[in-house]
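Enquirer: I'd like to ask you about the structure that follows.
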Amino acid sequence: MIPADPNFNQNCTDCAGVVNGNSILDSCGVCLIPADPNFNQSCTDCAGVVNGNSVLDSCGICLIPTDPNFDQSCTDCAGVVNGNSVLDSCDVCLLPNDPNFNQSCTDCAGVINGNAILDSCGVCLISTDPNFNQSCTDCAGVVNGNSEIDSCGICLMSTDPNFNQSCLETIEAFIPNAFSPNNDGINDDFRAYTNENTEAKINRYLIFSRWGELLYERNTFQFSDNDQWWDGTFNGKKMQTGVYVFYIEVEFTNGIIKKYQGDLFLQAH
């Protein structure tokens, strides 16, 4: 081959055109000397695999896009990539500025992971508090019990036979055993009485003949209702002197009901 031939000295050049040079095409198709640090590197993926498919995900981790962990290492607890949600002290995943952050595990007093609870009375207290379950105890100290102070100042259940009984002797109505309906202004009708400090009403007021005939009846009236008491007549006719029978039911304002019955003498003139 003569020197002027264009192929002169060309049949031994490397891929870089260097005569007898050492550069070759690497596996990425780049012409480099094998000792070059970039040899075979321009087509390797982030994992160093030649012509591999791994890439850096949004979390900066080198993974194949189909890897289940792709973009997961930097998601927050809510699954949001690079999100700000975190597990609060109650193990609930929320943004720190969420109003419910750290609230789902607060006790009834608002203390995070506190021990206060609502007692059976609906009061928020620690179970070791001396007042726990005490605010709704009845007078006998029973939680949500039914005992109450009766009109005599005794703590009993209202169904107790002794309820309102211990002071009965101080609550009484007074029933006379005779009256004289003669229009003299004295005992002209048959009425019951109470002392000045006792308030009561008549529930039932019945007058019978000595043979059981109902002569007079009134229900639910006050002691001061003067026109309710029996004036000794029946069907507009004055009754004769004699013995009659009464039944009176008195209800006192403290709830006590007392029943009185017996004979009365009518003195006619």
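Enquirer: May I ask you to list the residues in region 211-269 that are of a type in the set (S, T, N, Q) and part of a strand (DSSP E or B)?
Expert: Just the residues of region 211-269 that are of a type in the set (S, T, N, Q), to begin with: 219-220, 222, 224, 226, 228, 233, 235, 240-241, 253-254, 261, 267.
Once the filter is applied, which keeps residues that are of a type in the set (S, T, N, Q) and part of a strand (DSSP E or B), region 211-269 yields ASN219, THR220, GLN222, THR233, GLN261.
Enquirer: May I pose another question? Please indicate, with yes or no, whether at least one residue in region 146-154 is part of a strand (DSSP E or B) and not acidic (Asp, Glu).
Expert: So far as region 146-154 goes, yes, one or more of its residues are part of a strand (DSSP E or B) and not acidic (Asp, Glu).
Enquirer: Next question. Which condition does GLU196 not pass, out of (1) surrounded by 11 or more Cβ atoms within 10 Å (Cβ to Cβ); (2) under 28 Å from GLU148 (Cα atoms), if it passes all the others?
Expert: (1) is the only condition that GLU196 fails.
Enquirer: Step by step: first the residues of region 125-178, then only those that are among the acidic types (Asp, Glu) and more than 27 Å from TYR205 (Cβ to Cβ), then the one that is least open to solvent (accessible area, probe 1.4 Å). Which residue is that?
Expert: Step one: of region 125-178, the residues among the acidic types (Asp, Glu) are 129, 138, 148, 150, 160, 169, 172.
When the remaining residues are screened for being more than 27 Å from TYR205 (Cβ to Cβ), the result is 129, 138, 148, 160.
Details: ASP129: 50, ASP138: 21, GLU148: 86, ASP160: 50 Å².
Filtering first and then ranking leaves ASP138.
Enquirer: Only one of these conditions is not met by GLU249: (1) open to solvent by 80 Å² or more (accessible area, probe 1.4 Å); (2) over 18 Å from PHE179 (Cα atoms); (3) acidic (Asp, Glu). Which number is it?
Expert: The failed condition is (1).
Enquirer: Those residues that are closer than 30 Å to SER23 by Cα and touching a Leu at 6+ places or on another chain (Cβ under 8 Å), I need them from region 48-93; list them, please. Lay out the reasoning, then the answer.
Expert: Within region 48-93, the subset closer than 30 Å to SER23 by Cα is 48-55.
Across region 48-93, the qualifying residues are SER54, VAL55.
Enquirer: Quick one: GLU172 ticks every box in (1) farther than 30 Å from VAL245 by Cβ; (2) in contact (Cβ under 8 Å) with a residue 12 or more places away in the chain bar one, so which box is it?
Expert: Looking at each condition in turn, GLU172 falls short on (1).
Enquirer: Another one. Taking the condition of being part of a loop (DSSP other than H, G, I, E, B), open to solvent by 50 Å² or more (accessible area, probe 1.4 Å) and of a type in the set (A, V, I, L, M, F, W, C), how many residues in region 41-74 meet it?
Expert: Residues in region 41-74 being part of a loop (DSSP other than H, G, I, E, B), open to solvent by 50 Å² or more (accessible area, probe 1.4 Å) and of a type in the set (A, V, I, L, M, F, W, C): 5 in total.
The values are calculated or read from the model by the stated rules, or taken from the named source; none is laboratory data. In this text, all values refer to a predicted model and were calculated from it rather than measured experimentally. Using ideal geometry, Cβ is built from the backbone for each residue, glycine included, and neighbour counts are taken over all protein chains shown. We work out accessible area using only protein heavy atoms, side chains counted, and drop any ligands, DNA or RNA first. Shrake-Rupley method; radii C 1.70, N 1.55, O 1.52, S 1.80 Å.
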